[in-house]
């Protein structure tokens, strides 16, 4: 848990052992990319391994508390993300916001 009270659940197919050695139990370590999303408010992408490039967006949407993605690697096509209804922020590109429900 961070000083501010956030809980981080991380998954990286290559770096988990090194991260554990560096920061220990300050964060949680997930067994898979989808397990890291359980009870999460948002997905933060900080690496660009191939398995992260073509995820199951239905599974992401069903697992996250909110359909929110912060993408530090610009992995996804903006038009596709817009169509899927996610809130999506990526580096140096337009922010994608889901359509507002009628009446708001």
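Read-outs: derived from the displayed coordinates by stated rules, not from any lab. For clarity, every value in this text was computed on a predicted model and none was experimentally measured. Here Cβ is always computed from backbone atoms with ideal geometry, including for glycine, and neighbour counts include all displayed protein chains.
A few remarks follow.
- Any hit, the stretch 76-85, residues being without any contact (Cβ under 8 Å) to a residue 60 or more places away in the chain, surrounded by fewer than 16 Cβ atoms within 10 Å (Cβ to Cβ) and closer than 17 Å to residue 48 by Cα: yes
- Here is the figure for the stretch 41-60: residues that are in contact with a helix residue (DSSP H, G or I) (Cβ under 7 Å, 6 or more places away or on another chain) and farther than 16 Å from residue 7 by Cα total 2.
- Hits in the stretch 45-75 (condition: surrounded by 14 or more Cβ atoms within 10 Å (Cβ to Cβ) and in contact with a strand residue (DSSP E or B) (Cβ under 8 Å, 6 or more places away or on another chain)): 45, 52, 60, 64, 67, 68, 69, 70, 71, 73, 75
- Among residues of the stretch 14-35 being in contact (Cβ under 8 Å) with a residue 12 or more places away in the chain and farther than 22 Å from residue 62 by Cα, the one that is surrounded by the fewest Cβ atoms within 10 Å (Cβ to Cβ) is 14.
- Residue selected from the stretch 86-97 under the condition touching a strand residue (DSSP E or B) at 6+ places or on another chain (Cβ under 6 Å) and surrounded by fewer than 16 Cβ atoms within 10 Å (Cβ to Cβ), by the criterion farthest from residue 40 (Cα to Cα): 95
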